[in-house]
Every structure is written in C-alpha cells, then in structure tokens.
Amino acid sequence: MQHDARGLVVTIWNDSALEPFERAIRAFQTYRGDPLAALDEALSRDPDFAAAAATKALVLMTLFERRFADDALAVLDRHAAALARATPREQALGAAAALMARGQWQAGARELEAILVEHPRDAVALQVAHLIDFVRGDALNLRNRLSRVLPHWSREIPGYAYVLGMHAFGLEECNQYPQAEEAGRRALEIARDDCWAVHAVAHVMEMQGRVDEGMAWLEDRRADWATPDNGFAYHNAWHLALFHLDRDDH
C-alpha cells in the first residue's frame, strides 16, 4: 500500500511513478508547466497507476473543450483494467471524468463531492470541482465546497496555499470581500506563485472600485503570475486590462 503526499492511498506497482504524479498535481495547482506530460511520465513508469489515469482524464476535462472529451474517455478505456482493481476513491475519480466527458456535468460534480466527503484532502477532486463550479456559475459551491474541506487541511499539508487561494475566490464570488482578500493574501504569504489567489484579490479590488490599487497589485506581482509557462497568465493579464479600461486608458 502506498500513499500520496496528502496521505491518500493510491494503487501503484512502481513507486517511482509517484514523483511525476506529484509533479503533475503541483503543475495543475500552480497553472505552471504541463500536468499532462507529467502524468504521461507517471503512466509510462506504471501503466496500472489508476489515480494517474483518472487524474489525466479529469485534467483533460478542465480544458473545457469538447474535443478533449473523447481523449478523456480513451484514457479511461485504456486503463479500465487498472481502474477496476483500484480503490473506491480512484474509481470514483474515473467515474466523475466519464460523466463529464459524456456531458453530465452536474452528475460529475456530485461524484466529486462524494469523494470529498470521504477524502477532503483529495487535491485533484477539489480543484476539478472548483473549476466546474466556476464554469457553471455556482457561486455558493465555489465558497462552500472549500469551506467544507478546509478544516482537514493545514500548512503542513502540501498544496494548502492553493486551497486557500481557491477559498479566497469563492468568498469573493459570494461578495465577502474583506474575508476574500484576507484569505488570498494569506495564501500568497505561503506560496507567492499562487496565481489563483492573485486573481481572487484582483477581483476584490475590481468589485470595490480600487482601480489604482488593483493595477499596482498585478504589476507588482507580475513576476509571480506572468511567467511564460503559466497557463493562467492570460486571464490575470485580462484583469489588468480591465483596470486600464476603468481609467479610460484604452
């Protein structure tokens, strides 16, 4: 029996596959680098690594383009035997990905929430569910899903800062601006590269009309969020553009 960095049991036969798997999760959390490439590396070391297969399918679905749904289903089909021997949690991750790939987003979100009830430190289930809440406009769960799991996280657990960053965004989307800014700043004290937390605080400043402060916030942290390998940099750059537009600086 082997465990991931957050203490969750994983079905694995070659322990060397854990390192690229953890690298993939960090890339997913930070929006830096290519989590799919790291997951492919993990699966090349252990083709029966069920959690890596399910995670790859879920990450593909968070690209939110129809063309990747077939790729996600192909991954699940290719590793079906491994998933059949996996833990219930790993099987549920695969099931959530399959539901979403078939267009059943609400059912996929419910499957992920069921995982989080039993395994609140499942970083993949949590972030995928957060992103699904984002694209569905489910503001309450953007906040409440994180509120439910936060008591099970602490600074000693890898990825805690990114959980705080997601919670900050959920608080902002529920109009709890002071709490959102506090959570976002706390996340960034732990991990300066948390571009989702940068994004959450920028949202607060936009909503409160703090235009000059918002511009300074993004400009002063440009080295943290605007790196070439940051897939979320474009969105934060768009927020900076909004602040310029607020000042009629077209």
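Odds and ends about this structure:
- Residue within region 62-75 that is outside any loop (DSSP other than H, G, I, E, B), small (Gly, Ala, Ser) and open to solvent by less than 10 Å² (accessible area, probe 1.4 Å) present: yes
- Here Ala107 clears all of (1) hydrophobic (A, V, I, L, M, F, W, C); (2) open to solvent by 50 Å² or more (accessible area, probe 1.4 Å); (3) free of Cβ contacts under 8 Å to residues at least 12 places away in the same chain except the condition numbered (2).
- Within region 140-161, the set of residues being farther than 14 Å from Pro120 by Cα and open to solvent by less than 30 Å² (accessible area, probe 1.4 Å) comprises Leu142, Ala161.
- Residue in region 70-80 that is in contact with a Leu (Cβ under 6 Å, 6 or more places away or on another chain) and aliphatic (A, V, I, L, M) present: yes
- Only listed residue being under 16 Å from the mean Cα position of the chain (by Cα) and among the aromatic types (Phe, Trp, Tyr), chosen from Phe68, Phe64, Phe49: Phe64
- The residue list Arg210, Arg186 contains one member that is among the basic types (Lys, Arg), open to solvent by 10 Å² or more (accessible area, probe 1.4 Å), under 18 Å from Leu164 (Cα atoms) and out of contact with any strand residue (DSSP E or B) (no Cβ under 6 Å at 6 or more places or on another chain), which is Arg186.
- Residues that are in a helix (DSSP H, G or I), open to solvent by 40 Å² or more (accessible area, probe 1.4 Å) and among the hydroxyl-bearing types (Ser, Thr, Tyr) within region 1-31 comprise just one, Ser16.
- When we screen Leu93, Leu58 for residues that are modelled with pLDDT of 95 or more and in contact with a Ser or Thr (Cβ under 8 Å, 6 or more places away or on another chain), the only hit is Leu93.
- A search for C-beta distances below 9 Å between a residue of region 37-54 that is surrounded by 24 or more Cβ atoms within 10 Å (Cβ to Cβ) and any residue that is part of a loop (DSSP other than H, G, I, E, B) and among the charged types (D, E, K, R), counting only pairs 6+ apart in sequence or on different chains, returns Ala50/Arg85; Ala51/Asp4; Ala52/Asp46.
- Contacts under 6 angstrom Cβ, first residue in region 219-246 being surrounded by 14 or more Cβ atoms within 10 Å (Cβ to Cβ), partner acidic (Asp, Glu), 6 or more apart: Asp224/Asp193
The values are calculated or read from the model by the stated rules, or taken from the named source; none is laboratory data. Keep in mind that this is a model prediction, so the values were computed, not measured. With ideal geometry, Cβ positions are generated from the backbone for all residues, glycine too; neighbour counts draw on all protein chains shown. Quick note on the areas: whole protein, heavy atoms, side chains included, nothing else; ligands and nucleic acids left out. Shrake-Rupley method; radii C 1.70, N 1.55, O 1.52, S 1.80 Å.
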